[in-house]
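To start, the structure itself, in structure tokens.
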Amino acid sequence: MPRTRASRRLAADVSLLAAAAAFALPLAWVLLSAVDPHAGLRVRVPDGLTLDNFDAVLTPEITYTPLLNSLVLCGGATALTVVCAALAAYPLSRFRSRLNRPFLLTILFATSLPITAIMVPVYALFVRVNLIDTLQGTILFFAASQLPFAIWLTKNFMDGVPRELEEAAWTDGASPLQSLVRIVLPLMGPGLAVVTVFSFVMMWGNFFVPFMLLLTPDRMPASVSINDFFGNRGMVAYGQLAAFSVIYSTPVILLYVLVSRRLGGGFALGGAVKG
Amino acid sequence: MRHLPRLARALPLGPAVVLLLLFLAGPIAYCVSIAFTDLQLTGQAHSSFVGLANFRRAFRDEAFLNAVWLTVVFTVLSSLVGQNTLGLALAALMQRASKPVRTLTGGIVVTAWVLPEVVAGFLLYAFFRREGTLNAILDWLHLPRQNWLFTLPVLAVSFANVWRGTAFSMLVYSAALDEIPAEITEAAEVDGAGGWRRLWHITLPMIRRSIGTNLMLNTLQTLSVFGLIWVMTRGGPGDRSQTLPLFMYEQAFQNSMIGYGTAVALLLLLVGALFSFVHLRLLRTEV
């Protein structure tokens, strides 16, 4: 007898739930340990709920300064990325030129270069030009490393805004900059939101770039400072590490939910990947 | 606006081009130039041109060959086998599953992907540690426990990368499978083609471009994993999970040989560029 549709669905559901459980185990550890007064390394039901772990890490030194650093670093770099990408996407999307195609191919090529590989020379270069251990240097590098993908995404979103709307503005004597800012960008709001959130999320989670380019502990973003739980604070307080992880991860998860809600499950990333 | 001079039209590209030239093309050019010197972390003035010495040294250096081998193992296990196959399996199951299960599973898998790299590293460090969750489960099943991060560090970090990266493949394949018209699979079913034959003869050929793109992007992402391994094992014990990025870092900073570290970086960059180029060709045939 052929398997019925219902039994096949049941089989799929059971397999997916098993996979989901496996993926959820490490996540369960961080959530449970964060509220466990005696957190260890394994997943277990806490023997009492506590917010002490959060209390312990919510100090300027452990949480507020690193998060503020992350915000300045990633916020600044994201703003720079999005502005440069929006400006660059405009001529690529609107004007025909023989140079467009080679430029876009170069950009696309650069999107997938392993940035990790160039961090040693970037370090050496930054030492030479006195940008090492500066916020502005790290912001500029972050922006440059995210820019190829941002330009590519923005250009694709901009292609979706019909030209006719602008042409009316052109006949009224608007400059390209005016029509970009007043007409095109407002119409591609969701697209810009995707580019902004994606850039920000990538930078917020990036460890290697600030780890290499910043030296002073006070300037470190959360992605680097989180390692201090292992290094110089003696015994590892797993509950506090978990609590800090939750605090540090929450913003990017919220941002992701915000954007994916607005654009449907695929995050438009499937589309971005396929070009 | 068609009468705008060509230069004025290209003007908005300015900031992006300057930024890319100074901070992306610049370092790459610098990478090429110092890979052929004996530049050290201290004493900038003393560096001199040494030709291919760094590269010759690398291919005789057992630690380098070890790093290459571990990078291959890590990439094949976690990207080609793990993320890619699991991503496809999850996407295929999602096509059939009920909506609540689909949403729940998708949400959990994607959360693992969105988490910051270092946090993912800590979660899996806790999972694989001797006192961690995996051994707790093994005890419960009466199976022998292991000190995973010590006995099989490459396997542990590969699993970590699968945990973290599968969502991407899942999203790519879900989008690809959605585009296969239902009539085709139904027709094959009516003709009596079983599940595996349908997968092999219909589904896989129809999504082959997504497979190509996905493999390239997964591999590129995996080649540049640093934080995850750094947090879990620091490349150790010894050098048993030291992939190329960690080897490069150690040479440049622990051993202060920027020139040598950069030569390794250049090799990694070349491999990345090769994959990137193949990815580009795949995209081009698709358009």
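Do the conditions hold for B:Q242, that is, is it among the polar types (S, T, N, Q) and either free of Cβ contacts under 8 Å to residues at least 12 places away in the same chain or over 22 Å from B:F74 (Cα atoms) (or both)? Taking the combined requirement at face value, the residue does not satisfy it. Reported count of residues in the range A:12-43, each being facing chain B (nearest Cβ under 9 Å) and more than 17 Å from B:G106 (Cα to Cα), is 7. Would you confirm whether any residue within the range A:159-170 is under 27 Å from A:V57 (Cα atoms), more than 19 Å from the chain's Cα centre (by Cα) and assigned to a helix (DSSP H, G or I)? There is no residue in the range A:159-170 that is under 27 Å from A:V57 (Cα atoms), more than 19 Å from the chain's Cα centre (by Cα) and assigned to a helix (DSSP H, G or I). For the condition within 23 Å of B:F74 (Cα to Cα) and among the aliphatic types (A, V, I, L, M), B:L204 does not qualify.
Take the conditions touching a residue at least 60 places away in the same chain (Cβ under 8 Å), within 11 Å of chain A (Cβ to nearest Cβ), in a helix (DSSP H, G or I) and not polar (S, T, N, Q) and apply them to B:A175. Does it pass? No: the conditions fail for B:A175.
Across the range B:86-115, the number of residues qualifying as surrounded by fewer than 20 Cβ atoms within 10 Å (Cβ to Cβ), more than 24 Å from the chain's Cα centre (by Cα) and either of a type in the set (D, E, K, R) or more than 7 Å from chain A (Cβ to nearest Cβ) (or both) comes to 5.
All conditions but one from (1) in contact (Cβ under 8 Å) with a residue 40 or more places away in the chain; (2) crowded, with 22+ Cβ neighbours inside 10 Å; (3) in a helix (DSSP H, G or I) apply to B:L39; the one that does not is (3). Which of the residues that make up the range B:59-84 are over 18 Å from B:L223 (Cα atoms) and part of a helix (DSSP H, G or I)? Answer for the range B:59-84, where residues must be over 18 Å from B:L223 (Cα atoms) and part of a helix (DSSP H, G or I): B:F59, B:R60, B:E62. Would you be able to tell me the number of residues in the range A:195-244 that are under 27 Å from A:L80 (Cα atoms) and within 9 Å of another protein chain (Cβ to nearest Cβ)? Qualifying residue count for the region: 12.
Go through the residues of the range B:28-43 one by one and say whether even a single one is at pLDDT below 75 and small (G, A, S). Yes, some residue in the range B:28-43 is at pLDDT below 75 and small (G, A, S). Of everything in the range B:252-287, what is free of Cβ contacts under 8 Å to residues at least 12 places away in the same chain and either in a helix (DSSP H, G or I) or closer than 18 Å to A:L113 by Cβ (or both)? Give them in sequence order. The answer is B:Q254, B:L270, B:A273, B:L274, B:F277, B:L280, B:R281, B:R284. Any chance you could count how many residues in the range B:124-133 are surrounded by fewer than 24 Cβ atoms within 10 Å (Cβ to Cβ), within 7 Å of chain A (Cβ to nearest Cβ) and assigned to a helix (DSSP H, G or I)? Qualifying residue count, the range B:124-133: 1. Comparison of A:T78, A:T63 shows that the only residue that is of a type in the set (V, I, T) and modelled with pLDDT under 90 is A:T63.
Restricting to the range B:248-263, name every residue that is over 17 Å from the mean Cα position of the chain (by Cα), within 8 Å of chain A (Cβ to nearest Cβ) and closer than 17 Å to B:L223 by Cα. Correct list: B:Y249, B:G261, B:T262.
Looking across A:R261, A:R163, one residue alone is at pLDDT below 90, of a type outside the set (D, E), closer than 28 Å to B:L123 by Cα and in the same structural domain as A:L73 (by TED's automatic domain parsing). It is A:R261.
The values are calculated or read from the model by the stated rules, or taken from the named source; none is laboratory data. Only a predicted model underlies this, so the values are computations on that prediction, with no experimental measurement involved. Every residue, glycine among them, receives a Cβ derived from its backbone with ideal geometry; neighbour counts consider all protein chains shown.
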